[in-house]
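Visitor: Okay, handing you the structure first.
The values are calculated or read from the model by the stated rules, or taken from the named source; none is laboratory data. All values derive from a computational prediction rather than experimental measurement. No Cβ is skipped: glycine too gets one built from the backbone with ideal geometry, and neighbour counts run over all protein chains shown.
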Amino acid sequence: MRILYLNRISCVLLLLCAAACVLQPVMADNGTFTIAYRGYGGRYIGDTIVFDGRNTYGNTVLLKITGVGLPAEGLPLSNLNGPAGTATPVGVDRYGMWKYVWYAANTPGLEKMQTSRYVFTATDSADPDKSASTFLSLEKPEFSISASPNPVRPGEYLMLTGHAENDITFAKITITDSSGKVVHTYTSPVTSSGDFSYNFHLNMDPGQYTVTVSNPALKAPFGTVISVVPDDGTQPVTTVMAPDEGSPFPTTEETLPAPVSSPGPTKSPVAPLTILAALGAGGVVAGISRH
């Protein structure tokens, strides 16, 4: 009887080990991490670009851009005036999918980009070794505008300079705040070579403002973003861009430094199955005991 009892215990232990091995999460070792973009490979600087991909490790995705005119450490997509080496965090849904809509025309510091090939890198927030990159060849559009200085303090002299190639004779300059309210409207003549400029003393409160240039002859308006900072030099809170309609989950963005700590434990959506397996094995034990 003692031998039979020991055999039953051995069978139970083997069943428990088998269940644990079969249902043990494998995402931490063999997960999927990807990045891709929607559309064709060549486009203008300032176009809206949708990036998406998979991160089955379940952690936040960190997005940054590197290339000509930008530091080698990379910059966050949401703010090209941000600290070098930082990234834009993007949430991951329960299926391991993520999505980020880059409203490039409203990105501070976009004037740093030049006609060139840029690298967009996604990294797992818990493990920098898990990353993926994609490439885009971008070129400056037929028109441009920049603000100097940027950031700017209230009372300082702000210079807006731009260029348009549609033989327009004037440019309408509109400045709106983060809520979309128009705070200033100016009109600037355009030279025969397409250059225009407008200078004024800034009298706006700290925050982020969008400068838009338009003309009936232009197919679409273009612009840039200026940051008005307090006299103490502290940066205003970065404007949060809303996701486009149809986004399967929120993609609220903010600029945060990339983590430098060692990789932590990853989430696993299949962990509850291991518990179920253990309960199922318990049922087997009860069945064997009754025999």
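Visitor: Do we find that PRO71 is more than 16 Å from ASP52 (Cβ to Cβ) and free of Cβ contacts under 8 Å to residues at least 60 places away in the same chain in this structure? First the steps, then the outcome.
Guide: Numbers: more than 16 Å from ASP52 (Cβ to Cβ): yes; free of Cβ contacts under 8 Å to residues at least 60 places away in the same chain: yes.
It is true that PRO71 is more than 16 Å from ASP52 (Cβ to Cβ) and free of Cβ contacts under 8 Å to residues at least 60 places away in the same chain.
Visitor: For the stretch 86-125, what are the residues that are in a strand (DSSP E or B), of a type outside the set (Ser, Thr, Tyr) and under 14 Å from the mean Cα position of the chain (by Cα)?
Guide: If we filter the stretch 86-125 for residues that are in a strand (DSSP E or B), which is where we start, we get 87-90, 97-103, 116-124.
Filter again for of a type outside the set (Ser, Thr, Tyr), leaving 87, 89-90, 97-99, 101-102, 117, 119-120, 122, 124.
Listed by number, the residues that qualify are ALA87, PRO89, VAL90, MET97, TRP98, LYS99, VAL101, TRP102, VAL119, PHE120, ALA122, ASP124.
Visitor: Can we say ARG54 is of a type in the set (D, E, K, R) and within 20 Å of LEU138 (Cα to Cα)? Spell out the reasoning first.
Guide: Working: of a type in the set (D, E, K, R): yes; within 20 Å of LEU138 (Cα to Cα): no.
Spelling it out, it is not the case that ARG54 is of a type in the set (D, E, K, R) and within 20 Å of LEU138 (Cα to Cα).
Visitor: Pairs under 9 Å by beta carbon, first residue at positive phi in the stretch 25-43, partner modelled with pLDDT of 70 or more and of a type outside the set (A, V, I, L, M), six or more apart or different chains?
Guide: GLY39/ASP47
Residue by residue, here is whether (1) at pLDDT 90 or above; (2) within 30 Å of PRO141 (Cα to Cα) holds:
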| position | (1), (2) |
| --- | --- |
| GLY31 | no, no |
| ARG38 | no, yes |
| ILE45 | no, yes |
| GLU73 | yes, yes |
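Visitor: Sticking with this structure for a sec: Out of PRO154, PRO149, PRO128, I need the residue that is over 28 Å from VAL90 (Cα atoms), within 26 Å of the chain's Cα centre (by Cα) and at pLDDT 90 or above. Which one?
Guide: Values: PRO154 fails: within 26 Å of the chain's Cα centre (by Cα); PRO128 fails: over 28 Å from VAL90 (Cα atoms).
The conditions single out PRO149.
Visitor: Mind checking which residues of the stretch 71-112 are surrounded by fewer than 22 Cβ atoms within 10 Å (Cβ to Cβ), within 16 Å of VAL61 (Cβ to Cβ) and among the hydroxyl-bearing types (Ser, Thr, Tyr)?
Guide: Answer for the stretch 71-112, where residues must be surrounded by fewer than 22 Cβ atoms within 10 Å (Cβ to Cβ), within 16 Å of VAL61 (Cβ to Cβ) and among the hydroxyl-bearing types (Ser, Thr, Tyr): THR86, TYR95.
Visitor: Is it the case that the stretch 48-64 has a residue that's farther than 21 Å from ASP129 by Cβ and part of a loop (DSSP other than H, G, I, E, B)?
Guide: Keep residues of the stretch 48-64 that are farther than 21 Å from ASP129 by Cβ, which gives 48-50, 52.
Pick out the ones that are also part of a loop (DSSP other than H, G, I, E, B) and you get none.
Within the stretch 48-64 (the criterion being farther than 21 Å from ASP129 by Cβ and part of a loop (DSSP other than H, G, I, E, B)), the answer is no, since none of the residues qualifies.
Visitor: Given the conditions (1) in a strand (DSSP E or B); (2) under 12 Å from the mean Cα position of the chain (by Cα), report the number of the one that PHE135 does not fulfil.
Guide: (2)
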